[in-house]
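Visitor: Before we start, here is the structure in question, set down as structure tokens.
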Amino acid sequence: MIEINVEIKNLNTLTDRFKRYPEISTPILQKAVNAASVYLGKYSVRGVVPWKSGNLMHSFRLNIGDLQAEWTPTAYYAIFVNNGTIKQRANPFMQRVRDLAKPEIDKVFENALEKITKEIMQ
């Protein structure tokens with residue numbers, strides 16, 4: 001049997017950095033969540049969101065928490081417009097907002113992951 005030994009240089013430093021992953025990644029990811037929510041707002045506009053009186057479009061609110069954001073309309077009828085009813089066909093505007101914002105949101109998180117990797121590898 002042949003024995004092969006491999007030495008990983010700076011292993012202790014790398015191990016310490018990985019132990020600090022939550023401390024390093026959390027603020028970067030929170031900034032990405034905050035930035036991503038801006039793109040949801042960017043695409044919640046007339047032509048994407050149904051417009052009759054403008055109330056639905058103007059009812060959107062943003063709630064930001066720990067590593068999460070909720071972008072949602074507060075108009076009581078928003079769910080019926082989006083999902084439809086027995087008498088009304090669905091108009092999935094939330095999916096359209098998401099689909100339009102997705103490429104920009106993906107880029108925000110790609111950049112965040114690059115920052116985390118750089119921080120860990122320093």
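Visitor: Is there any pair with a first residue in segment 74-96 that is free of Cβ contacts under 8 Å to residues at least 12 places away in the same chain and a second that is in a helix (DSSP H, G or I) whose Cβ atoms are under 6 Å apart and which are 6 or more apart or on different chains, and what are they?
Guide: Final answer for the pair search is 90/83; 92/82.
Visitor: Evaluate segment 7-20: report whether one residue or more is modelled with pLDDT of 95 or more and not polar (S, T, N, Q).
Guide: no
Visitor: Can you find a residue in segment 85-103 that is surrounded by fewer than 14 Cβ atoms within 10 Å (Cβ to Cβ), among the small types (Gly, Ala, Ser) and not in a loop (DSSP other than H, G, I, E, B)?
Guide: Within segment 85-103 (the criterion being surrounded by fewer than 14 Cβ atoms within 10 Å (Cβ to Cβ), among the small types (Gly, Ala, Ser) and not in a loop (DSSP other than H, G, I, E, B)), the answer is no, since none of the residues qualifies.
Visitor: For segment 37-63, enumerate the residues that are surrounded by 11 or more Cβ atoms within 10 Å (Cβ to Cβ), out of contact with any Asp or Glu (no Cβ under 8 Å at 6 or more places or on another chain) and not in a helix (DSSP H, G or I).
Guide: Passing the criteria: 43, 44, 45, 48, 49, 50, 51, 59, 60.
Visitor: Hey, another quick one. Can we say residue 18 is touching a residue at least 24 places away in the same chain (Cβ under 8 Å) and loosely packed, with under 12 Cβ neighbours inside 10 Å? Walk me through it before giving the result.
Guide: Details: touching a residue at least 24 places away in the same chain (Cβ under 8 Å): yes; loosely packed, with under 12 Cβ neighbours inside 10 Å: yes.
So residue 18 passes the test.
Visitor: So which residues in segment 30-47 are touching a residue at least 60 places away in the same chain (Cβ under 8 Å) and in contact with a helix residue (DSSP H, G or I) (Cβ under 6 Å, 6 or more places away or on another chain)?
Guide: Hits for segment 30-47 are 32, 35, 36, 39, 40.
Visitor: Another question, then. Looking for whichever is within 13 Å of the chain's Cα centre (by Cα) and among the aromatic types (Phe, Trp, Tyr) here; the options are 76, 21, 39. Which one fits? Steps first, please.
Guide: Working: 76 fails: within 13 Å of the chain's Cα centre (by Cα); 21 fails: within 13 Å of the chain's Cα centre (by Cα).
Answer to the check: 39.
Visitor: Filter segment 1-43 down to the residues that are of a type in the set (A, V, I, L, M) and closer than 30 Å to residue 101 by Cα and list them by number.
Guide: 24, 28, 29, 32, 33, 35, 36, 38, 40
The values are calculated or read from the model by the stated rules, or taken from the named source; none is laboratory data. Given the structure is predicted, the values throughout are model-derived calculations rather than measurements. A quick note on method: Cβ atoms are made from the backbone with ideal geometry, for glycine too, and the neighbour counts reach across all protein chains shown.
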